[in-house]
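Right, one structure below, let's go through it.
Bear in mind these aren't lab numbers, they're just calculated from the coordinates by the rules spelled out. Note that the structure is predicted; figures quoted are calculated from it, not measured. We place every Cβ from the backbone using ideal geometry, glycine too, and count neighbours over all the protein chains shown.
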Amino acid sequence: MRETSNPVFRSLPKQQGGYAQFGTGAAGAAAQQIHQGYQGYQTDPYVAQQGRIARPLTIDDVVTKTGITLGVLTVVAIVSYFLVAMNQALAGPLTFIGAFGGLGLVLVATFGRKQDSPAIVLSYAALEGMFLGAISFLLANFAVSSTNAGALIGQAVLGTLGVFFGMLVVYKTGAIRVTPKFTRMLVASMFGVLVLMLGNLVLGMFGVGGGAGMHLRDGGPLAIIFSLVCIGIAAFSFLIDFDAADQMIRAGAPEKAAWGIALGLTVTLVWLYLEILRLLSYFQSD
């Protein structure tokens, strides 16, 4: 089975049976393959609930739940941005609570197999909205003092949406096939980037490089290259996420799994937006 690089998708429940497609491309494997690698999770909790069989997942479920999740995130992000604009002392708390609270909920959803919980998914969206609103204000108004903040954020949003829909077209046309080798390479790249991020953070905390660590986030040439690499990895991650969602729809996963798909896509979108915003701030800083 092709396993997604997004950890949120990895433990989503699967169920035998056919249904509608998410797209075309590389998702034409037999439904039996969906269950390989998921031994020990043979019984679908949705089917077992009071003897009732859940309605199969459809593309409409995915679109609706993802739209709701992104809607909550957007509204909270706008509120967070203007709260920080009115009182900059709120920037730190909102950034900290949003970032670590969101990370905590993703870990709970992933390892506790609660990706299908609307409460967890929407709470994550709200926390990430707090974080994105605050961090967007800081990057747009302090890192880039001579550029209109709204223009910078607008460019980052358009860039994020452009990459998302562009990769969706790539997936649906099968221009890039999602293969086990492709997935392994992408997962390895993500782990490599994560190690570099953590290493840069730790070194910076100890004052190495004047507090810049390995200079991966200081706006220099290396930082620009690193952000471009992160954007590329995030973009290609969408292909594997689309494929994972497609396989769940084909296998007849229960409709509540749409919340888990929405969570996984939102995690990738948040990462992509941050990297694009950061990259734009490098080019437009004084």
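Report note on the peptides 92-105, 181-194, 129-142, 247-260: ranked by the mean count of other C-beta atoms within 10 Å, highest first, their order is 247-260, 129-142, 92-105, 181-194. Rg then Dmax, both in Å and based on the Cα atoms of region 67-167: 14.5, 46. Taking one quarter of the surface of the convex hull spanned by the alpha-carbon atoms of region 59-285 gives a direction-averaged projected area of 12.9 nm². Taking all Cα pairs closer than 8 Å and separated by 6 or more residues, the relative contact order of region 59-285 comes to 30 percent. Subtracting the Cα-Cα distance of Leu103 and Ala85 from 0.36 nm times their residue separation leaves 4.0 nm of extension gain.
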